[in-house]
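A.B. asks: Please find one structure pasted underneath; my questions will follow.
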Amino acid sequence: MNESTAAKRGDLRRQVLELRSAQRPLEVARKSQLICATLKQIPELQRARTIMAYAAIRQEADISEFWLRLRAEDKTVVLPRVKGKELEAVRFDGWDRTRPGPFGIREPEGEPFPPELIDAVLVPGVVFDHQGYRLGYGKGYYDRFLSALPAASFFCGIAFELQLVDEVYPTGRDVRMHALVTESRIIRC
C-alpha cells in the first residue's frame with residue numbers, strides 16, 4: 001500500500017471514529033436495536049447454524065440482543081478471541097465464561113471452534129463503503145480470519161449510517177462483505 005492510500009485510510013478511520021464516539025449512549029442503543037431487528041430478516045442468517053458475532057466496544061453497534069436470541073434458537077454462536085496476531089473463534093457459553101482480551105474486549109474461554117463450520121460472520125468495523133469493503137482498527141485481524149473461511153461463508157458488516165463512505169481505498173488484503181446492515185437498511189454488495 002502506498003503512502004497516499006495509507007494516509008487516506010488513516011484519515012477516514014480517525015474521522016469516523018470521532019463521529020461514532022460523539023453519539024450519545026441512548027442513540028447508540030436505539031440504532032443498535034434497529035440493526036438487531038433488521039438482522040432477523042436476512043435469509044443467510046436465518047439458515048445459518050453457526051454464526052460468529054462480536055462483543056461491542058467503543059460505541060460500536062451492540063448486536064448482542066440478536067445473537068443472544070440465536071442461542072435460544074439452538075444455533076451456535078462463536079465470538080472472536082485474539083491469539084498473537086490472529087483471531088480464533090470460540091463458542092460463547094455465557095458472559096460468566098468470558099474475560100477481557102488484550103484490547104479490553106470480552107473474549108470467551110474454552111477451546112477454539114473449527115472455522116470451517118462457521119456459516120456466517122457478523123463483522124464490526126470502523127468504516128465501510130457501499131461495495132462492502134471495510135476498515136477496522138488497522139491490525140488486519142478480521143481480514144486474515146475471514147480470508148481463511150470457506151467460500152460459502154456469509155460475511156455481514158455491521159455499522160451505523162455515519163460509518164458509510166463512498167470508498168475505503170481497499171487493498172489486496174481487504175475482504176469484501178456480502179452485505180452491510182445499518183440502522184436504516186440492508187446493502188447487498
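A.B. asks: With the condition kept exactly as written, say whether any residue in region 113-132 is at pLDDT below 95 and of a type in the set (Val, Ile, Thr).
C.D. replies: Looking for residues that are at pLDDT below 95 and of a type in the set (Val, Ile, Thr), one finds none in region 113-132, hence no.
A.B. asks: Scan region 166-177 residue by residue and report those that are more than 17 Å from the chain's Cα centre (by Cα) and in contact (Cβ under 8 Å) with a residue 60 or more places away in the chain.
C.D. replies: Result: Tyr169, Thr171.
A.B. asks: Let me ask something else. Considering every residue within region 65-77, establish whether at least one is within 26 Å of Pro170 (Cβ to Cβ) and either in contact with a helix residue (DSSP H, G or I) (Cβ under 7 Å, 6 or more places away or on another chain) or of a type outside the set (Asp, Glu) (or both).
C.D. replies: Filtering region 65-77 down to residues within 26 Å of Pro170 (Cβ to Cβ) leaves none.
No, region 65-77 has no match at all.
A.B. asks: Does Glu44 satisfy being touching a Leu at 6+ places or on another chain (Cβ under 8 Å), farther than 26 Å from Arg24 by Cβ and surrounded by fewer than 17 Cβ atoms within 10 Å (Cβ to Cβ)?
C.D. replies: Numbers: touching a Leu at 6+ places or on another chain (Cβ under 8 Å): no; farther than 26 Å from Arg24 by Cβ: yes; surrounded by fewer than 17 Cβ atoms within 10 Å (Cβ to Cβ): yes.
So Glu44 fails the test.
A.B. asks: Could you tell me which residue of region 132-167 is nearest to Asp11 (Cα to Cα), considering only residues that are assigned to a helix (DSSP H, G or I) and of a type in the set (S, T, N, Q)?
C.D. replies: The initial filter retains those residues of region 132-167 that are assigned to a helix (DSSP H, G or I), namely 141-147, 161-163.
Retained after the next criterion (residues that are of a type in the set (S, T, N, Q)): 147, 163.
Numbers: Ser147: 25, Gln163: 13 Å.
Among those residues, the one meeting the criterion is Gln163.
A.B. asks: Only residues that are touching a Gly at 6+ places or on another chain (Cβ under 8 Å) and charged (D, E, K, R): list them for region 144-176, please.
C.D. replies: If the condition is that a residue be touching a Gly at 6+ places or on another chain (Cβ under 8 Å) and charged (D, E, K, R), then Arg173, Arg176 are the ones that fit.
A.B. asks: Sticking with this one: Taking region 62-74 as the search range and keeping residues that are surrounded by 14 or more Cβ atoms within 10 Å (Cβ to Cβ) and out of contact with any Leu (no Cβ under 9 Å at 6 or more places or on another chain), which one is farthest from Leu180 (Cα to Cα)?
C.D. replies: Residue satisfying both the conditions and the ranking: Arg71.
A.B. asks: If you don't mind, there's one more thing I want to ask. Report every pair of residues separated by at least 6 positions or lying on different chains whose Cβ atoms are under 7 Å apart, first residue within region 45-58 and under 10 Å from Lys75 (Cα atoms), second of a type in the set (A, V, I, L, M) and not in a loop (DSSP other than H, G, I, E, B).
C.D. replies: Filtered contacts from region 45-58: Ala48/Ala120; Thr50/Val78; Thr50/Leu117; Ile51/Leu45; Ile51/Leu70; Ile51/Val77; Ile51/Ala120; Ile51/Leu122.
A.B. asks: Residue under question is Val78, and the condition is that it be at pLDDT 95 or above, under 20 Å from Leu149 (Cα atoms) and not polar (S, T, N, Q); does it hold?
C.D. replies: For Val78, the condition - at pLDDT 95 or above, under 20 Å from Leu149 (Cα atoms) and not polar (S, T, N, Q) - is met.
A.B. asks: Anything in region 77-123 that is over 21 Å from Cys156 (Cβ atoms) and buried (at least 19 other Cβ atoms within 10 Å of the Cβ)? List them, or say none.
C.D. replies: Passing the criteria: only Thr98.
A.B. asks: Okay, moving on. Quick one: which of Glu60, Glu65, Glu18, Glu27 is among the charged types (D, E, K, R) and part of a loop (DSSP other than H, G, I, E, B)?
C.D. replies: Glu60
A.B. asks: So in region 13-27, with the set limited to residues that are in contact (Cβ under 8 Å) with a residue 60 or more places away in the chain and under 20 Å from Ser184 (Cβ atoms), which one is surrounded by the most Cβ atoms within 10 Å (Cβ to Cβ)?
C.D. replies: If we take residues in region 13-27 being in contact (Cβ under 8 Å) with a residue 60 or more places away in the chain and under 20 Å from Ser184 (Cβ atoms), then Val16 is surrounded by the most Cβ atoms within 10 Å (Cβ to Cβ).
A.B. asks: For region 153-173, which positions are small (Gly, Ala, Ser) and within 20 Å of Trp67 (Cβ to Cβ)?
C.D. replies: Ser153, Gly157, Ala159
A.B. asks: Restricting to region 90-119, name every residue that is part of a strand (DSSP E or B) and in contact (Cβ under 8 Å) with a residue 40 or more places away in the chain.
C.D. replies: Selection gives Thr98, Arg106, Glu107.
A.B. asks: What number of residues within region 2-22 satisfy the criterion of being within 19 Å of the chain's Cα centre (by Cα) and within 11 Å of Gln59 (Cα to Cα)?
C.D. replies: Qualifying residue count, region 2-22: 5.
The values are calculated or read from the model by the stated rules, or taken from the named source; none is laboratory data. Keep in mind it's a predicted model, so treat the numbers as computed, not measured. Neighbour counts are summed over all protein chains in view; Cβ atoms, including those assigned to glycine, are modelled from backbone coordinates with ideal geometry.
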